[in-house]
Amino acid sequence: MTDATLNDDLRHELTALLDKAGIRAERGLVTRLLQTSLSLGVENTDRLDLKIASAALQEMHQAFLLFQPFHHVPKVTVFGSARTAEDDPLYLQARDVASALADDGWMVVTGAGPGIMQAAAEGAGSKMSLGVSIRLPFEERANTIVAESTQVVSMKYFFTRKLMLIKESRGFICLPGGFGTMDEMFELLTLQQTGKAEPTPIVLLDAPKGTFWSGLRRFVDEYLTPAGVISPHDLDRVLITDSVEEAAASVTGFWSNYDSLRWVDDVLVLRLVHAPTDAEIESLNERFGHMCASGRIERTGPLDVERAAGDVVELPRLALNLEQRSVGQLYALIRAINDLPSAGGSSAG
C-alpha cells in the first residue's frame, strides 16, 4: 500500500492521527511506516511474518532509545567468543583494549554476554559500556557488569542485534571466536567490500604471539584471492595484530584527519579536519591517482547538496571520481591523508 493507493478517507485519517500524536518532524517517513503496517494487515500476511515484523520493529525502537543519549560519543564494537575464560590471554587483551579506548573517550559496545564481551565491558566500565544482548535458550546471559546497568537492550533476533552492534560504531575490534564471531566479522567485511557501509577501521586482535587471525589471512591469500572470489585489496582494510596499543591506535588514528565522506552523483567527497597543501595533493595523486575513473584528486569546497544540508560545511575537502573497483584501496588513501604533515599526526596503522 502506497500513498497513491490510499483512499481519501484513509489518507485524511492518517494525517489526523499524526496531528493528534503531535508528530511534526519526518512525517513522510512515519507515514510510510504506518502504510507498511496497514499493508501487512490488508494483504492477510501470515501470523509468523507479522510477529517477526512487529518484534523486529519493537527491538530496533528500544535499541534506538538506548543509543540516542550517546549519539555524539564515538563508539567501538568489540566482538569475540562468549566461551573465553577469564584467565585466557584473549580475555586480558579484550579488557585492556577496551580500557584504553574508554580512557580516550570512546564508548565500548558489546553483545552483553560472557567471555570476550564481559572482558570488554569490564575494561570500559559500566558508564562507558553499551550492551546489545541476545535471548538464547542456553549459554549467553548478560554478564554481571551489563546486568547491573541500564545501558543494555535485549533482542530476540540476531539480525536486529547485529544491525545495532554495527550501526552506531566508528571502529570494530574482533577477537577470536566461533561461528557467531565469524559471522559478525564477515558481515563487517561484506558491508565494507560492497560499499554498503562507510570506511571504518577494523582490527583483528589476537593473543600475544597468537596465530588465529594469521590463519585467516593465509586462507584469504591461498584460496579466496587466487580463486577470484574477492579482490586482492579486500583485506587491506583490516589490521591483524597482537598488540593492544596498536589496535587502539588504529581505531582512534583512523579519525585523526579524515572526518567523513559523501557521494554526490559520481563524485566522492572526503571531508577532512586539516586542509592539505598543494604539494600534498600532488603527492596523493602520484600515489593514488590510479584510483580515479577520470580526472584527479582535487581540493574542493562544499558542494551544493552539502551546503543545502548543512553537512559539515566548515571542513576542508578533497574530491575524486573514484573507480568503483578501487574501493578496497580507499582505506590506504584515508591512511595516507591521516599521515600528511599538515595533519600533524599519524594514522597508526
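Taking first residues from segment 129-156 that are within 17 Å of Ala94 (Cα to Cα) and charged (D, E, K, R) and partners that are open to solvent by 70 Å² or more (accessible area, probe 1.4 Å) and at pLDDT 60 or above, no Cβ contact under 6 Å between residues at least 6 apart in sequence or on separate chains turns up. Scanning segment 79-133 for residues being at positive phi and surrounded by fewer than 24 Cβ atoms within 10 Å (Cβ to Cβ) gives a total of 2. When you look at Arg287, is it in contact with a Leu (Cβ under 9 Å, 6 or more places away or on another chain) and open to solvent by less than 40 Å² (accessible area, probe 1.4 Å), yes or no? Taking the combined requirement at face value, the residue does not satisfy it. A search for C-beta distances below 8 Å between a residue of segment 71-87 that is under 17 Å from Phe254 (Cα atoms) and any residue that is surrounded by 12 or more Cβ atoms within 10 Å (Cβ to Cβ) and basic (Lys, Arg), counting only pairs 6+ apart in sequence or on different chains, returns Pro74/Arg170; Lys75/Arg170; Val76/Arg170.
Just wondering, is there one or more residues in segment 163-171 that are surrounded by fewer than 20 Cβ atoms within 10 Å (Cβ to Cβ) and touching an Asp or Glu at 6+ places or on another chain (Cβ under 8 Å)?
Among the residues of segment 163-171, at least one is surrounded by fewer than 20 Cβ atoms within 10 Å (Cβ to Cβ) and touching an Asp or Glu at 6+ places or on another chain (Cβ under 8 Å), which makes the answer yes.
Does at least one position in segment 70-78 carry a residue that is in contact with a Leu (Cβ under 6 Å, 6 or more places away or on another chain) and either surrounded by fewer than 16 Cβ atoms within 10 Å (Cβ to Cβ) or at negative phi (or both)?
Yes, segment 70-78 has at least one match.
Counting just the residues of segment 224-277 that are of a type in the set (Asp, Glu) and modelled with pLDDT under 95, which one comes out most open to solvent (accessible area, probe 1.4 Å)? Looking at residues that are of a type in the set (Asp, Glu) and modelled with pLDDT under 95, I get Asp265. Listed by position, the strands (runs of 3 or more DSSP E) contained in segment 260-324 that have at least 3 residues being on the phi < 0 side of the Ramachandran plot, of a type outside the set (A, V, I, L, M) and without any contact (Cβ under 8 Å) to a residue 40 or more places away in the chain are 292-300. Working only within segment 293-338, note down all residues that are open to solvent by 20 Å² or more (accessible area, probe 1.4 Å) and under 22 Å from His233 (Cβ atoms). Selection gives Ala293, Ser294, Gly295, Arg296, Asn321, Glu323, Gln324, Arg325, Val327, Gln329, Ala332, Arg335.
The values are calculated or read from the model by the stated rules, or taken from the named source; none is laboratory data. No experiment lies behind these values; they were computed from the predicted model shown. Here the Cβ is made from the backbone with ideal geometry for all residues, glycine too, and neighbour counts use every protein chain on show. What goes into the accessible areas is simple: the full protein's heavy atoms, side chains included, and nothing from ligands, DNA or RNA. Shrake-Rupley method; radii C 1.70, N 1.55, O 1.52, S 1.80 Å.
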